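Below is one structure; the comments refer to it alone.
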Amino acid sequence: MIETLLLSVLIIAIAMALFCVRVIFKKNGRFKSQHVHDNAALRRMGIHCVMEQDREARERGKAC
């Protein structure tokens with residue numbers, strides 16, 4: 001039981017370290033934004049944030 005717990009903690013620690021490599025080792029490193037409005041490819045396809053889509057639908061009178 002304790003071996004499984006230690007292995008799990010080790011795997012989680014390694015995953016967190018790999019997740020933070022960009023932040024730790026890059027000068028002024030930070031995580032990339034995950035917001036839809038910050039993604040150029042989604043903007044080109046006409047995909048917007050759900051809040052923005054809701055606002056547009058309400059302005060057009062097509063909101064549920």
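Worth pointing out:
- Residue match in the range 36-57 (condition: loosely packed, with under 10 Cβ neighbours inside 10 Å, modelled with pLDDT under 80, under 18 Å from the mean Cα position of the chain (by Cα) and not acidic (Asp, Glu)): no
- Of the criteria (1) part of a helix (DSSP H, G or I); (2) exposed (fewer than 10 other Cβ atoms within 10 Å of the Cβ); (3) charged (D, E, K, R), which one ARG22 fails: (2)
- Answer residue from the range 1-19, given it is surrounded by 10 or more Cβ atoms within 10 Å (Cβ to Cβ) and not aliphatic (A, V, I, L, M) and is modelled with the lowest pLDDT among those: PHE19
- Annotation note: Cβ proximity below 6 Å between a residue of the range 1-21 that is under 28 Å from PHE31 (Cβ atoms) and a residue that is modelled with pLDDT of 95 or more (sequence gap 6+ or interchain) occurs for no pair.
- Test result for GLY29, in a loop (DSSP other than H, G, I, E, B) and at pLDDT 80 or above: no
The values are calculated or read from the model by the stated rules, or taken from the named source; none is laboratory data. Since this is a predicted model, take the numbers as computed values, not measurements. We place every Cβ from the backbone using ideal geometry, glycine too, and count neighbours over all the protein chains shown.
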